[in-house]
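A short write-up of the structure that comes next.
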Amino acid sequence: MKNQTYKWNTESTRFVKTFLNVRHPWKNNILFKNILDSNIFNNKIKNILDVGCGNGHFLNNICLKKTVNKMGVETSTNAINLLRQNYSKIKFKKAYCHNLPFKDESYDFVYAFMVLCCIDRNNYLQSLGELLRVTKKFLMIVDFDPPKPYFRKYKHKKNFHVYKDDYDQILSNSGFLKKIVEKKFYINAKSEICKINKKIMGSDERIHHMRKLTIYKKTLTLKKIK
């Protein structure tokens, strides 16, 4: 298979155009609201980076109760232009996860929401490294949680694939992070209803839609090891 990284911008444009005014019910689920409004963050978050921000709704709705500088990243110029038109108070930048154009530890809270599964495996480790590099305090990952690694065809675009494996093993063993939250959940593909902590019962459909939310606190900064 050819590296799909630099062709992903076409899918970025399609997704943002299609869902710019559509809210995904499960992304506004109580699971995320309770965590992001909890005392984990308190007043420690002054800026946020959303890597692969999609239609921007999730980024727009984070930390509404206080002033926080927000930056969203997408891989398409057309997508960025649409997002800028729709969200005047959020900054957006064209970039890829494996090559983020930001200084070390420049954001207090960095997250990637269903992004890692789309990244070509040639750029996967570098992408994890970049997420680690640019976060100063917290890193959140939401992605698939399969019982074993595998890939499958991406149903929205010919010759594209999504990859599903355990990101947590790599990040937890990095030595930079301490896991402070982990929630596993299952998304019903038709209703998009979020069911928290549902176990895999052998259903092929359920396996494809199991996901995991993990929040890490950064315990070792780059400055300390330089």
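Tell me, TYR96, TYR6, TYR107 in order of fewest to most beta-carbon neighbours within 10 Å?
Going from sparsest to densest Cβ surroundings: TYR6, TYR96, TYR107.
FRET efficiency for ARG152 and LYS7, Cβ-Cβ distance as r, R0 = 25 Å, nearest 0.05?
Approximately 0.90, to the nearest 0.05.
Could you pull out every residue, at least 5 positions away or on a different chain, whose amide H is within less than 5 Å of the one on LYS70? Hs are placed 1.01 Å off N in the peptide plane, and Pro or chain starts have none.
ILE48, LYS91
What's the FRET efficiency of SER88 with ARG23 using the Cβ-Cβ distance as r and R₀ = 30 Å, to the nearest 0.05?
Efficiency at R0 = 30 Å is approximately 0.95.
Around ASP108, which amide H atoms from residues at least 5 apart in sequence, or from another chain, sit under 5 Å from its own amide H, with H modelled in the peptide plane?
LYS46, ASN47, LYS136
So for the pair ASN173, ARG14, with labels modelled 7 Å out along Cα→Cβ, what separation do we get in nm?
3.5
Quick check on my link table: of LYS44/LYS91; LYS184/LYS218; LYS7/LYS183; LYS103/LYS157; LYS70/LYS148; LYS136/LYS179, which ones sit more than 24 Å apart, alpha carbon to alpha carbon? Walk me through the intermediate numbers first.
Numbers: LYS44/LYS91 20 Å; LYS184/LYS218 21 Å; LYS7/LYS183 32 Å; LYS103/LYS157 33 Å; LYS70/LYS148 35 Å; LYS136/LYS179 15 Å.
Pairs exceeding the cut-off: LYS7/LYS183; LYS103/LYS157; LYS70/LYS148.
Every read-out reported here was derived from the displayed coordinates using simple, explicitly stated rules and does not represent laboratory data. Since this is a predicted model, take the numbers as computed values, not measurements. All Cβ positions, glycine included, derive from the backbone under ideal geometry; neighbour counts span all protein chains shown.
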